[in-house]
Structure formats: structure tokens, C-alpha cells
Amino acid sequence: MKPERTILIVIGFLLAVNSIAQARIKLVALPERADTTIRLDNPAATLIEEERVLTLQKGINKVDFSWKAVNIDVDSIRLRVLDHPEKVTLLNVSYPPGEAALVWEINSDSDFAESVRISYLLDNIDRLITYKAIADKDESQLDLKSFLVLRNFSGEDFDLANVLLDYGQAFRQGIKHEETKRMLFLEAGKVPVTKVWTWDAVAMKGKWDPEELNNKNVGIPVSYRIKNDSAGGLGDFALWGGKARIFQQDGHDSTIFLGEDTTPMVPVGEKTELYIGDSRDIVVTQKKMKDEKINITRNDAHRIVLFDTDEIITARIENFKDSPTILTMTQHIPGQWEMKKCNLEYEKKDAGTLEFEIRLPARTEKGPAVEKLNMHYNRINVRP
């Protein structure tokens, strides 16, 4: 047994001398871990699975599982018999008072060198997911790499273990207490990318009209959009959320750092956007042309208690770039509402959020390409 180990197993064989004799315990050498798996599927907890070979004698055997200097969720500890599940039975488990330990009582039909799997949740092993994306000079595709950063502050040393996320390749690594390791586990080349500009009516509130800002052109967030699907060389599994650093090839065998963003988990078939900065090549001028109360209800004191609204919003979108552009515009309508007329198609992201994907051609010699949004709607059952 290695002196630095913090998780111990002691096997005692309860041997009946005769029908009225007292039981006695025989201690044997601690069996080494035959194999260990560190599962990182759940961000909130780390599951450890270790396989050991227990030398069981026919009859009742007692196995003591104890630990020190580590934090194990006692309720999560499980033992599973692998070789002879029909002949080796876990009878019960007891917990010695005041100890970080438990005792399994196992009945064996014969003498066996029995493989068992012991699993438990261990605190203070965590993981981070990071991404590195390098776009080509034309910004039409990128090479994507994802890294697993494993940090062990559990108090336990793992000389060799299978490290598993719920996707990507498995790693066979050792990791000591207070050690951090970074491992490449996903690599996808030539992932199609779409450069998108994003304008949100709430986030840009107060910046709708450049004339009211002394004709200052407000920067609009720009992102690379990628889709987690097979067409992009992805799509086999959901992508975990994590920090992404984005670069671009400069055409001279070097790269330019564009920015850093954090992406949420991306399910298969869904999209994510990586922010790379602000642009002033797109100008959005939005105005509320009408906001009137209609269908007014008053109380006995003639005070307004309920009403609808009649609202019209217009937006002018100008593209000053020499290339086509996609602007994702988000509008928000609180409460109950009914669209009376809208000249552009939209997708309802939730009850009060509308998303427009507006494709703008490149500018011409005559000036910027222009698209207009006209949105006429009623808000219903509004209270003062």
C-alpha cells in the first residue's frame, strides 16, 4: 500500500469456528486499484469509479472502506460486484460512528478473487472547457480546437485514470493533488463561419437615433456564428460552454487576436456566436412613430385602470461595407401583444422577444445598401 494514499479498503473474513464460536477478523493486504475512471459529465460533481479485486472467502466477508483528507459524499458511495453477481451478494452497509468510513458485509458462495467497482462523488476535482478558434483571412471558415483543463484539489493522487467527459475522446492520465492539466480533446477544421452584426433594441436603448447623439455612429457588436452540425464538421454531441479566444489569419503566416468570449452549451443543431468586437460599418436608426392608448377602461373615479396600446416602430438599416452583411436585430414587446403588420419576417425567441435576420447587400457607388423595418402592433391589457 502506498503511504500517500488517502482512500483505504480493509477486508476482513468473518470465519465461523463453530455454531457458538465468536467471529474473528483476518486482515489482508490492501488491493491496488485495478483501474480508475474520473467522470466529468456533471459540472456540479465529479464521479470517481475504481475497480479493485477483493479476495473473498466462502461465507460472510466484511469490507471496510475509509478515507481521510478528502471530501466524499457518503450517500453516493456504491459497490457493484462484477465477476459473480449471482454468487456474491452485498448484504448490508454500516457506518461506524464518528469515522469517515463504512463497512460492507458481503456473502460469497465460494472463494473468489472478485472484481468490484466502487463509485463515489469526490469534491474539489473540477474542469474547465476552453476553445481556440482561428478564422481564415476571408472569414468564411475557422479551425476550432477545444481543451479540457482538469484541476485536482481533492487531496487524492491518481497515478493513472481514464478521464471522461460525456463526449470527445477519453484520456488516460495521471493527476496528482494540486495539479492542473490541459488536454486537447476536440479538433475540427474548416468549420463554416458566418460573420454577423447584432443589434438589440433593449441593449441599444438611448442609441436608436444618431441625430440625437450628435450624429455619432454607434458601434454594433460583431460575432462569428458557427453551427453545431455535421455540415460544419461538428454535430456529434453538444458542445460544453467555455471561454473562447478568437484569432484571424493575416495572410502572412501569422495571426491577429480578435477577441475573447464565453459561449454557453451548444446542443446539436443549434448555433453559437463568438463576439469579436464592435463595428461602425452598419448604422441602425430606429424611431417610435406612434404610441397611443386605445380601448381604455376606467373605474368609477374615472381613472384609467386598463388599456391597450397602438404602437408603430420604424428602423432604417444601412450597410456601408463593400461586402454583404447579416444583421441580427432583436426587438422586445412586453406583456400580451398582437402584431398588426410587419414587413419583415421574424422568429419568436420567447413570448416577448422577436428576432429578425436581415440580409444586407454590399454598398454601391451610389451609397450604402438600405433595408427598412416597419412594425405595427398592439399591446393588450396594459395597466398604468
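The values are calculated or read from the model by the stated rules, or taken from the named source; none is laboratory data. What you see is a predicted model; the values in this text were computed from it and never measured. Heads up, the Cβs are rebuilt from the backbone with ideal geometry, glycines too, and the neighbour counts pull from every protein chain shown.
Number of residues in segment 178-202 that are under 26 Å from LEU360 (Cβ atoms) and in contact with a Ser or Thr (Cβ under 8 Å, 6 or more places away or on another chain): the value is 10.
Checked against the criterion of being in contact (Cβ under 8 Å) with a residue 24 or more places away in the chain and farther than 30 Å from THR194 by Cβ, segment 137-145 has no qualifying residue. Give me the residue from segment 241-260 that is within 15 Å of the chain's Cα centre (by Cα) and farther than 13 Å from LEU144 by Cβ and, out of that set, modelled with the lowest pLDDT. Within segment 241-260, the match that is modelled with the lowest pLDDT is GLY241. Scanning segment 219-244 for residues that are over 19 Å from ASP166 (Cβ atoms) and in a loop (DSSP other than H, G, I, E, B) gives GLY219, GLY233.
If I ask for residues that are under 30 Å from ASP322 (Cα atoms) and either surrounded by fewer than 16 Cβ atoms within 10 Å (Cβ to Cβ) or of a type in the set (Val, Ile, Thr) (or both), which ones from segment 264-287 would you list? Residues satisfying the conditions are GLU270, LYS271, THR272, ILE276, GLY277, ASP278, ARG280, ILE282, VAL283, VAL284, THR285, LYS287.
Among the residues making up segment 245-280, those that are in contact (Cβ under 8 Å) with a residue 40 or more places away in the chain, charged (D, E, K, R) and assigned to a loop (DSSP other than H, G, I, E, B) are ASP250, GLU270, ARG280.
Picking from GLU311, GLU318, which residue would you name as being modelled with pLDDT of 95 or more and over 24 Å from the mean Cα position of the chain (by Cα)? If you could, list the steps in order and put the result at the bottom.
Details: GLU318 fails: modelled with pLDDT of 95 or more.
On inspection, the qualifying residue turns out to be GLU311.
Note on segment 183-205: residues that are closer than 18 Å to ALA231 by Cβ and part of a strand (DSSP E or B) total 10.
Residues being of a type outside the set (S, T, N, Q) and surrounded by 17 or more Cβ atoms within 10 Å (Cβ to Cβ): count how many of those fall in segment 102-122.
Initially, segment 102-122 is screened for residues of a type outside the set (S, T, N, Q), giving 102-106, 109, 111-114, 116-118, 120-122.
In the following step, the residues that additionally are surrounded by 17 or more Cβ atoms within 10 Å (Cβ to Cβ) were identified as 102-104, 106, 112, 114, 116, 118, 120-122.
Final tally of qualifying residues: 11.
ASN381 meets all of the listed conditions (1) surrounded by 14 or more Cβ atoms within 10 Å (Cβ to Cβ); (2) over 16 Å from THR198 (Cα atoms) but one, namely (1).
Scanning segment 130-183 for residues that are modelled with pLDDT of 90 or more, touching a Phe, Trp or Tyr at 6+ places or on another chain (Cβ under 8 Å) and among the aromatic types (Phe, Trp, Tyr) turns up TYR131, PHE147. Taking the conditions (1) surrounded by fewer than 18 Cβ atoms within 10 Å (Cβ to Cβ); (2) under 29 Å from the mean Cα position of the chain (by Cα); (3) over 21 Å from THR194 (Cα atoms) in turn, THR364 satisfies each one other than (2).
Would you call ARG52 basic (Lys, Arg), outside any loop (DSSP other than H, G, I, E, B), surrounded by fewer than 18 Cβ atoms within 10 Å (Cβ to Cβ) and over 27 Å from the mean Cα position of the chain (by Cα)? Quick ask: steps written out before the conclusion?
Details: basic (Lys, Arg): yes; outside any loop (DSSP other than H, G, I, E, B): yes; surrounded by fewer than 18 Cβ atoms within 10 Å (Cβ to Cβ): no; over 27 Å from the mean Cα position of the chain (by Cα): yes.
Judged against the criteria, ARG52 is not a match.
Mind telling me which of the residues LYS341, LYS349 ends up being exposed (fewer than 11 other Cβ atoms within 10 Å of the Cβ), out of contact with any helix residue (DSSP H, G or I) (no Cβ under 8 Å at 6 or more places or on another chain), of a type outside the set (A, V, I, L, M) and assigned to a strand (DSSP E or B)? Give the derivation first.
Numbers: LYS349 fails: exposed (fewer than 11 other Cβ atoms within 10 Å of the Cβ).
When all the criteria are applied, what remains is LYS341.
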